[in-house]
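Encoded as structure tokens, the structure appears first; notes follow it.
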Amino acid sequence: MARKAKTPVVYPESPEVLNPLEGIVLEPGALQPLNCVFQDDDRGIWLYHGNCLDVMDATAAKYPEGRFDMIFADPPYFLSNGGITCHAGKMVKVDKGDWDKSRGPELNHEFNTEWLRRCQRVLKPNGTIWVTGTHHVIFSIGYAMQQLGFKILNSITWEKPNPPPNLSCRYFTHSTETLLWAAKTEKSKHLFNYQEMRRAAENKQMKTVWREKLETPYSDKEKKWMQANEDFIWNIPPPRKDEKIYGKHPTQKPVALLERILLASTRNGDLVLDPFLGSGTTAVACLRLSRNCIGIEMETEFLKRACYRTDGAVIDLWIRSITVKIQISVISINDLDLFEILIDRSGSMGEQPELKSEKIFHESKFVFLSCAHVKQAGVVHTTVETSIQEAWCNTPNSKRRETTHILHCRTEIHRVKNS
């Protein structure tokens, strides 16, 4: 008897997303007001200063059928209780802040249950949630998910290459975090981009053992570690230096981790919520992959870093979308004739040793960009000045109003000295 083929689930393209929190008013007695501190309507990124419990309550009231396609949550691990760890070769106390202090197993579990309950309410019927944590919190989260009726889809282990050493020598060294991936209910028809994950696994089925490709921009040290540990689980290095240029978060996750999560369980244009935004990794990953994102964070200092990182990612995407050509032309004048010889030096000095030279030309130029709207993004003004203050003061007011970012371009020409 022939088996009847299953009808594939068709996921419609996500419509253009407007800010779903626009116009939301929190209930009286909310811990703090809701304040949008970063807004990019064209790219669908909105970062809020507020308490995620109150915000999700208000969102659920406005959208009783759910609003978000996916949620990524990196909640408090409750580790800051007088323990010790190793940082930069020194013994330090584990003290990330009051938000990370344990209130005891019962109250910790109650907190996990309450924020997960709200996440479930704001998820769309076929939406999914990813939660990361160490053993200090992940078992409570898994149990709360079962109590609330989530459908746990996978438990994935992410191994860290450089965990803090075990100073007490009384335990195995903690070197992993667990990711739980769950659908809203047992009846949810969750999205899984199987072919995308198969391509990432080099045309094999992707398992909970994830191996990152050894390509740039990983350093030689990172590649060496990954090659030596091919059997480890989810070989994704911790946040790189360029992910911490605006400061670091004590539990910051690498962008590569969020990018894989988004590729696995969302489509272009989907709306993602991060209720514990931290330093903004989810927002950066959503920007890179054309997903829409709402982030909520209570701690002002972390939110400030998240805004800087997100704004930096916006300008980085803009720069990547343009091509810069540098051409050096040598013009020889003989009587009235001009002979032009083009010289292409690109890449020719990469492996050469540093030579003694003298600077014969220097120019400092400021380029004013308008990146507020994707389709109209472009250069609105340029000026040659010695400082950003002078460039800004000498720019017409009409150009200032159009400007969203300023590039500082420096050009130097050096002449090699004869030895």
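Read-outs: derived from the displayed coordinates by stated rules, not from any lab. Keep in mind that what you see is a predicted model, and the values were worked out from it rather than measured. Glycine also receives a Cβ, built like all others from the backbone with ideal geometry; neighbour counts cover every protein chain displayed.
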| field | For D270, distant residues with modelled amide H under 5 Å away | value | N292
| What ranking, highest mean first, results for peptides 385-398, 266-279 when packing means the other Cβ atoms within 10 Å averaged over each residue? | 266-279, 385-398
| remark: Which of K62/K124; K359/K399; K304/K399; K124/K187 exceed 23 Å between C-alpha atoms? The answer is K359/K399; K304/K399
| At a Förster radius of 60 Å, what calculated FRET efficiency corresponds to the Cβ-Cβ distance of E385 and E196, to the nearest 0.05? | 0.80
| FRET efficiency for I152 and S175, using Cβ-Cβ distance with R0 set to 22 Å, rounded to 0.05 | 0.40
| With labels modelled as points extended 7 Å from the Cα through the Cβ direction, what inter-label distance (nm, one decimal) is found for E186 paired with R400? | 6.4
| query | Ranked highest first by average number of other Cβ atoms within 10 Å, how do 287-294, 257-264, 23-30, 131-138 line up? | reply | 287-294, 257-264, 131-138, 23-30
| remark: segment 294-311 scanned against label point 7 Å out from E114 along Cα→C-beta; backbone N under 19 Å for 296-299
| field | Estimated FRET transfer efficiency when R0 is 41 angstrom, pair I413-N268 (beta carbons, to 0.05) | value | 0.40
